[in-house]
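Every read-out reported here was derived from the displayed coordinates using simple, explicitly stated rules and does not represent laboratory data. These numbers come from a predicted model, not from an experiment. All Cβ positions, glycine included, derive from the backbone under ideal geometry; neighbour counts span all protein chains shown.
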Amino acid sequence: MCMALAFLSPSPAPPHRETGMGTGEGGRNDLEPLDEQDSSTCGGGDVDSSGNKGAASDPRFIIAGYEDGVVALWDLRKPGRPLGSLRAHTEPVMCLDVRARVQGRSKGNGGTALGAGRENDSATEIYDLVSGSADDKISCCEVRPGTPQPVTLTKQLPLREGGTSDVQIRSDSKLFACGCWDGRVRLFSVRRREPLAVLKYHRSHVTAVAFSLETHQLASASRDGTIALWSVYSSTPAATTALRQRESSSVSAGGV
């Protein structure tokens, strides 16, 4: 049974350089880990969840997560069998998100910029796929539709406790957020696939996370009936500084 779905969207245009990213410093490509954070909350009310999941999508490819822990890439023009699949989890896939790598961003190893000098082509794009499950891992994969092995596992990130309800990659493809069953929201770097921060407010399972396209503000919802708003690695350094002054504890490298 299919548990989660996402279309493969074309890559965005090269981003403009931002100021005030995170701690008020100039815009930068690498995000540094923060300490565990507490947040203020807004009780009740509707929050716009139109992060990258509401973006225009290419109707040709779709990625699906299944109850046996498998993620599979489908070409909707050839629905007879998936283009590729792999077992990303030992438990049912509960959530996933996928985003094309930003055009003009360096590969980080001296390679050429992605998307330079060519038209968008979903079959030749490289996509970052993140999936969560009932197990204690976050799986990071690369999706390359035009290759013999279109879905490959690049890294699994351990969690202290099992269970992830929702994941979302921010629109600039710099970080992704995971809403976990232990009430924490965890932030990871997309490029380095490393933990950045653990956000603590909720008293029960986090059920949903969403990024604002305009401000990069993060919202999280929980079974405890609350919605928390976070300004982390965003364009509003004053709010981020206020959060960092709250009670916190360090991120552990052995599991976050």
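Given the convex hull of the Cα atoms of the range 168-230, what is a quarter of its surface area in nm²?
Projected area, direction-averaged: 3.8 nm².
For the pair Thr147 and Arg81, how long in nm is the line joining their label points, each one 7 Å along Cα→Cβ?
Taking the simple label geometry, Thr147 and Arg81 are separated by 2.1 nm.
Under the classification rounded if a/c is under 1.5, otherwise prolate if a/b is larger than b/c and oblate if not, where does the range 151-194 fall, given a ≥ b ≥ c as square roots of the Cα gyration tensor eigenvalues?
Since a/c reaches 1.5 but b/c is at least a/b, the shape of the range 151-194 is classed as oblate.
Glu67 versus Ala208, label points 7 Å from Cα toward the beta carbon: distance in nm?
Modelled inter-label distance: 2.4 nm.
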